[in-house]
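Working notes, structure below.
The values are calculated or read from the model by the stated rules, or taken from the named source; none is laboratory data. Keep in mind it's a predicted model, so treat the numbers as computed, not measured. Don't worry about glycine lacking a Cβ; one is built from the backbone with ideal geometry, like all the others, and counts go over all protein chains shown. For the accessible areas, the whole protein counts, side chains as well, though only heavy atoms, and no ligand, DNA or RNA atoms are used. Shrake-Rupley method; radii C 1.70, N 1.55, O 1.52, S 1.80 Å.
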Amino acid sequence: MNDLFNLLRYATLASYQWQQPRLLLLMLAVPLLFGLRRVLARRRPRVGVAFAPGTGPRNWSSALRFVPDVVLGFALVFAIVALARPQRTDERVEQSGRGIDLVLALDVSGSMEIEDLRPNRLEAAKRIAADFLKTRVGDRLALVAFAGDAYSLAPLTTDYDLLREDLAGLKVGMIANDGTAIGTALGVATNRLRESTARSRVCILLSDGENNAGSLDPLLAAQLAHAFGIRIYTIGLGKDGFVPYGKGPDGQPRYVQTRLDETTMRQLAAAAEGRFFRATDTAGLREVFNQINRLEKSEIKQLRFRNTKDFYRPYLWMSIALWLAWLALKSTFFSNPLED
């Protein structure tokens, strides 16, 4: 009995996947059929029956003549449910192959608030890096933030939701010591990757300035990374020259001069068998990440197993049982021969 009530619960019906969901609309036609039957019954010739004057007493048993119609209605509804083929599908995904260990090192120095990328350099980088995370499958990723110092915010992990939260929390000023310590950032990234056993170890470093802080020389840090088998992709962000940076006291756009040390960024990439990219606008930055995504492909194969189970049989048996009950009731006092 509990199984029967469970089949009729709304939560159970809502949990199904329907092979023919449009057939469920036929349930709306069930009451219309009984309405049409009533209309046609009024047009048929009536049998004259003489009654005593006055109104006879009402009896609750007179409502029993509607029982066959109710039973037939439920039989039709269950038949429609069975025809719509309720199903449940269990899907299992198995992965095989080898992924990539990748560290994303992002500059959060004060110059990342410059607005030549919209809304500014840092927010554009965060948004596109978050999209980049969505393209990785089976890879372990880590996050490093740097300004005058560098800090590892997330270890190598496949918890991409955690990485997205850490990425969204990046902001200018989160590191008290301002500046651009590119060498230190590469050292922190190397420390994360040096014990990795992945077939490919990659660092993507994104900055908009030149190394002016930290105690580790950037080129030496790149050579050290290469000694551990780490490939470095460097991304130079923003335009050189005068670019918009907030507004002045008069409310007009303020301009500051900025310069990227492109020569050093190219040397870092070359020292670690990587590539240098320049992104002067948001579309260019997105294309850079797309190119890196094509260059660093994981050897991950996914096998999907789907097991679909039908649940139409209980509803079909209930429909047949109710239809047989309706036939039986038609031969009893429940039926109204004057209407039939």
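A few remarks follow.
- Given the alternatives (i) 23.6, 101; (ii) 19.0, 55; (iii) 36.1, 114, Rg and Dmax of the Cα atoms in Å as computed for this entry is given by (iii).
- Difference of contour (0.36 nm per residue) and Cα-Cα distance, residue 297 to residue 38: 86.3 nm
- Placing unit charges on the Cβ atoms only, positive for Lys and Arg and negative for Asp and Glu, gives the chain a dipole magnitude near 2600 debye about its Cα centre.
- Close amide-amide hydrogen proximity is noted between residue 143 and 104, 153, 154, each under 5 Å apart and 5 or more residues distant or on a separate chain (H modeled in the peptide plane; Pro and chain starts excluded).
- Nearest-10 value in Å² for the accessible area of residue 245, using the 1.4 Å probe: 60 Å²
- Bridgeable lysines around residue 309 (alpha carbons under 27 Å apart, same-chain partners fewer than 8 residues away excluded): 301.
- Sparsely packed trypsin sites (Lys or Arg not before Pro) within segment 243-300, loop by DSSP, other Cβ within 10 Å at most 15: 259, 297
- Amide H contacts of residue 150 (H built 1.01 Å from N, under 5 Å, at least 5 apart or other chain): none
- 24 Å Cα-Cα reach of residue 247 towards lysines, excluding residues that sit fewer than 8 places from it in its own chain: 126, 171, 239
- Between 290, 307, 212, the residue with the greatest mean-square fluctuation in the GNM of the chain (Cα pairs under 10 Å linked by springs) is 307.
- Considering only 106, 117, 27, the residue lying farthest towards the positive end of the dipole of the chain is 27, judged by Cα position with unit charges set on Cβ.
- Kyte-Doolittle at least 0.5, axis length at least 18 Å by Cα - qualifying DSSP helices, the chain: 29-43, 67-83, 312-329
- A helix-only calculation puts the chain at -12000 deg cm²/dmol for mean residue ellipticity at 222 nm, using -39500 (n - 2.57) for each DSSP H run of at least four residues, averaged over all residues.
- Choice from 20, 223, 257 with maximal GNM fluctuation in the chain (Cα, 10 Å cutoff): 20
- Exposure ranking of 197, 89, 135 by accessible area [1.4 Å probe, largest first]: 197, 135, 89
- Largest mean-square fluctuation among 217, 281, 310, in a Gaussian network model of the chain whose springs join Cα atoms under 10 Å apart, belongs to 310.
- Considering only beta bridges that DSSP places wholly inside segment 196-282, some 30 percent are antiparallel.
- Under 5 Å from the amide H of residue 272 lie the amide H atoms of 232, each residue being 5 or more positions distant or on a separate chain, with H modelled from the backbone and absent for Pro and chain starts.
- Projecting the Cα atoms of 86, 155, 143 onto the charge dipole of segment 77-161, computed from C-beta unit charges around the Cα centre, puts 86 farthest toward the positive end.
- Sequence of 277, 228 when ordered by accessible area, the most exposed leading, probe 1.4 angstrom: 228, 277
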